1. Starting from the stretch 1-19, keep only residues that are farther than 15 Å from Cys313 by Cα, then list their pairs with residues that are of a type in the set (Lys, Arg) and part of a helix (DSSP H, G or I) whose Cβ atoms are within a distance under 8 Å, requiring at least 6 positions of separation or different chains.
2. Output the number of the condition that Met217 fails; it satisfies all remaining conditions of (1) open to solvent by 50 Å² or more (accessible area, probe 1.4 Å); (2) modelled with pLDDT of 95 or more.
3. Pick out, from the stretch 265-365, the strands (runs of 3 or more DSSP E) lying fully within it that include 1 or more residues that are free of Cβ contacts under 8 Å to residues at least 40 places away in the same chain.
4. I need the full set of residues from the stretch 373-391 which are part of a strand (DSSP E or B) and open to solvent by less than 70 Å² (accessible area, probe 1.4 Å), in order please.
5. What about Lys356, is it basic (Lys, Arg) and more than 15 Å from Gly303 (Cα to Cα)?
6. Identify all residues within the stretch 397-410 that are part of a helix (DSSP H, G or I) and farther than 14 Å from Val340 by Cβ; write none if there are none.
7. Return the total of residues in the stretch 349-372 being open to solvent by 20 Å² or more (accessible area, probe 1.4 Å) and either in contact with a Leu (Cβ under 7 Å, 6 or more places away or on another chain) or hydrophobic (A, V, I, L, M, F, W, C) (or both).
8. If we only count strands (runs of 3 or more DSSP E) wholly inside the stretch 64-135, which ones have 1 or more residues that are more than 16 Å from the ligand (Cβ to nearest atom) and farther than 23 Å from Leu297 by Cα?
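The values are calculated or read from the model by the stated rules, or taken from the named source; none is laboratory data. Source: prediction; values computed, not measured. All Cβ positions, even for glycine, are placed from backbone atoms using ideal geometry, and neighbour counts span all protein chains on display. Protein only, heavy atoms only, side chains kept; ligands, DNA and RNA dropped before computing areas. Shrake-Rupley method; radii C 1.70, N 1.55, O 1.52, S 1.80 Å.
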Amino acid sequence: MRINNAIEFESVEKIEEFNNDVLTEHVKYCYEHSAFYRRRFDEARIEPGQIRTKEDLRLLPLTTKEDLEEFGDEFLCVEEREIVDMCQTSGTMGKPVILSQTESDLRRVGYNEKISFAAAGITEDDRVMIVCALSRCFMAGLAYFEGARQLGAASVRTGSGNPAVVSHSVLLYRPSVIICVPSQALLMAEAISKGGHDPAKLGVRMMMCIGEPIRTMDLKFSELGRRLREVWNCDVVGTYASTEMATSFTDCSCGRGGHFHPELIAVEIVDEDGNAVEPGKTGEVVATPLQVTGMPLLRYCTGDIAAYFTEPCACGRKTYRLGPVVGRKKQMLKIRGTTVYPNAIFSVLQGIDEVKNYYLEVFGDYELSESIRVVVGTDDVGALPGEVVAEKIRGYIRVKPEVVVEDASKVAGKIIQEGKRKPVTFFDYRK
Ligand SMILES: [Zn+2]
């Protein structure tokens, strides 16, 4: 595997040149070893040698989750005996997609986390609690464990699960860093407080947040990020990755978005017509994870909407950064002409103390406008007028939705679903 520890501090031109070099080799590898991509190239009458830069990738069609579901094994580039791990991710029709990893792929995801952790300020002196599953064929927990191991930090593999149980482990192991879904970290803090301890005094110095953004588009902390910092009295950094991307974008200690790793990924941010968008504008993240050998992907549509930023970062790295994921492409809402993602509404709700949980329903009334209903759960229904919540949401997204206030236990019954990793908070009734 090609590694260059110094590259992220080189000039933008050198970074681009290096990224394109690795990309050129990767494209050639895909053509030579992947039945799926060989057919794709041949059908498009493209020679792998024609793709020498990230911009050239546009010659190739996009790869979707549906392609992975339909052509699974055709993506495989190695013999069965070279596979050391099989990851699973959910498909669009609920059909699981299996991504096979080689020894080199596993080292690669570990290396990716190692350099991401190091940039965030984690060292070999840290004790890193991994509050996400290493089991059930999930990639995330395994990648974090490999990263911490390559860095020389100590791992505490609690996995996700009941916040009360995990919080007990916080008291027992006294981690200095916790990797966690932010809403879970708040529940853990609550459980710790109930047990008579103060989470702010437990020596946790950093919370690395996955799955939910802790910053808003202007890179300031969201209400959720602010609360986490306050409750745990620690630094809060965000990291974004997916099983298919096999690469993460993690905030450095300056918190200006997740840094891009030129040896590990080529990224395009595209609008609805597939054209590249300018820095600072949101679009879909289309990823080409580099140097993957088992089941490599080219131009994979993640469905995640984010923007990238190119101005220099105070940490000295010249690589661009990816901002917070503002939403999923499929969850884009058009309300009276305004584009809104559920995450924007959720981040308002996360800032209201009385709101314990929530979900959002969308109905397709007309072609150009959809109506949404926000259901919030609270402990004392009479004490939280829906109108107050609706006005707070309007203050942020400029449209006022219908808000229904219910008992938190009733909302929990709807959003906690068996077999789902995270609460289901978005219900789409559009046709
Ligand atoms: Zn930085």
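1. Met1/Arg107; Met1/Arg108
2. (2) is the only condition that Met217 fails.
3. Working: elements: 265-270, 283-289, 300-306, 333-335, 338-340, 357-363.
Here the list reads 265-270, 283-289, 300-306, 333-335, 338-340.
4. Pass one, the stretch 373-391, residues part of a strand (DSSP E or B): 373-378.
Once the filter is applied, which keeps residues that are part of a strand (DSSP E or B) and open to solvent by less than 70 Å² (accessible area, probe 1.4 Å), the stretch 373-391 yields Val374, Val375, Val376, Gly377, Thr378.
5. Values: basic (Lys, Arg): yes; more than 15 Å from Gly303 (Cα to Cα): yes.
Yes.
6. Ala408, Ser409, Lys410
7. 6
8. Working: elements: 83-90, 96-102, 127-130.
Of the strands (runs of 3 or more DSSP E) lying wholly inside the stretch 64-135, those with at least 1 residues that are more than 16 Å from the ligand (Cβ to nearest atom) and farther than 23 Å from Leu297 by Cα span 127-130.
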